[in-house]
Amino acid sequence: MNIQHGGNLDQAKKLFPEVTGSWLDLSTGINPYSYPFSSLDISLYEKLPSYSHEENLRQIAADYYGCKNKSCVALAPGTQILISLMPTVLNAKEVYVLYPTYEEYISSWWQAGVKVTRVVNFEDFETLCLQKNVVGVICNPNNPDGRKIDIARLESLIKKWSVSGNHLILDEAYMDFSGQSMAYLLPSPGLLVLRSFGKTFGLAGLRVGFLLASPEIVQRIRYMLGLWPVNGPALQIAAEALQDGLWKIETEKKLRIQQKRLDAFLQSHSFNLVGGTLLFRLFYHRSANDIWKHLASHGIWVRKFDYNHNWLRFGLLYRQADWQRLEAVLLSIS
């Protein structure tokens with residue numbers, strides 16, 4: 001499967017070699033306000049990560065995400081590797097994915113030889129747990145449309161999948177600025193929650209992610225990832241960031257301002273808002289593909305979708321020069 005992702009500027013440069021200046025990358029859902037972490041001691045680069053620092057971050061993450069006990073937390077070098085390990089960790093004859101959503105779940109299970117079925121509405125999804133040896137996947141909030149499922153309905157769903165002896169994967173990569181995690185239900189045996197650190201804190205290059213699950217599943221993942229799953233500098237930065245509640249509050253205020261500005265701005269240019277989160281916005285436009293090409297030919301990279309040619313996803317921007325650049329390019333469309 002050839003899956004398109006945001007942030008792939010190498011592809012942008014190959015497709016549009018006429019762009020000679022800098023690119024404005026609005027194709028990702030990464031926080032543009034990166035966390036201003038403290039300076040790091042050189043020893044963090046010179047030595048192997050310490051076990052005590054790993055255990056410290058596991059407990060900090062447990063407190064931050066609401067599952068309390070670090071035995072329910074596995075550290076990983078980003079959530080992508082966790083997604084790729086799911087077919088090995090969980091036994092499944094078929095996987096149901098609430099769709100459309102992040103395509104890597106479909107790809108990972110498909111490559112493992114497991115049948116994958118796309119389910120387009122939640123009501124149908126609720127009934128599928130009654131089968132044996134099946135796994136469900138829901139992104140909440142969803143990427144790319146920001147769909148959120150009510151907590152009460154999710155609680156009921158998780159209990160149904162657990163009672164049936166099946167597993168439900170909740171990808172909460174965009175939950176930090178969106179509400180309540182379901183991790184408080186752990187150690188529910190059927191629930192697995194994936195959380196992204198880099199998107200929320202604008203530090204995607206650190207490659208830090210978390211799996212929140214029953215202690216048994218966490219131990220299997222930790223064994224598979226082996227020693228030192230996260231590098232020393234990343235352990236310290238993540239621990240600092242997760243404990244900085246004031247930064248999160250202030251950053252959320254700034255993101256809300258930019259989100260409202262982006263919505264109003266694109267709607268004034270005949271885009272219709274489909275949905276999104278505080279880190280990305282999805283819009284409909286009947287000429288979306290032509291607009292995508294026009295933006296890219298002027299060095300502005302946004303996310304398009306093979307399965308819906310009328311959708312474009314925009315990440316947030318905040319520099320005044322970037323706003324002026326985007327407006328000038330949209331106004332130049334003939």
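The values are calculated or read from the model by the stated rules, or taken from the named source; none is laboratory data. Please read these numbers as outputs of a predicted model, since none were measured by experiment. Cβ: placed from backbone, ideal geometry, glycine included. Neighbour counts: every protein chain shown. In case anyone asks, the SASA skips ligands and DNA or RNA and just uses the protein heavy atoms, side chains included. Shrake-Rupley method; radii C 1.70, N 1.55, O 1.52, S 1.80 Å.
Points to keep in mind about this one:
- Residues in segment 260-270 that are closer than 22 Å to residue 141 by Cα and not aliphatic (A, V, I, L, M) were compared, and the one that is most open to solvent (accessible area, probe 1.4 Å) is 260.
- Test: residue 190 is at pLDDT below 95, under 22 Å from the mean Cα position of the chain (by Cα) and of a type outside the set (A, V, I, L, M): yes
- Every residue from segment 195-214 that is in contact (Cβ under 8 Å) with a residue 40 or more places away in the chain and open to solvent by 40 Å² or more (accessible area, probe 1.4 Å): 199, 207
- Helices (runs of 4 or more DSSP H) wholly inside segment 242-334 that include at least 3 residues being over 21 Å from residue 18 (Cβ atoms): 245-267, 320-331
- The set of residues from segment 12-50 being more than 24 Å from residue 77 (Cα to Cα) and outside any loop (DSSP other than H, G, I, E, B) comprises 12, 13, 14, 15, 24.
- Qualifying residue in segment 285-299 (condition: buried (at least 18 other Cβ atoms within 10 Å of the Cβ) and on the phi > 0 side of the Ramachandran plot): yes
- Hits in segment 73-128 (condition: β-branched (Val, Ile, Thr), open to solvent by less than 30 Å² (accessible area, probe 1.4 Å), in contact with a Lys or Arg (Cβ under 9 Å, 6 or more places away or on another chain) and assigned to a helix (DSSP H, G or I)): 79, 89, 106
- Matching entry among 257, 249 (being under 22 Å from residue 197 (Cβ atoms), open to solvent by 50 Å² or more (accessible area, probe 1.4 Å) and β-branched (Val, Ile, Thr)): 249
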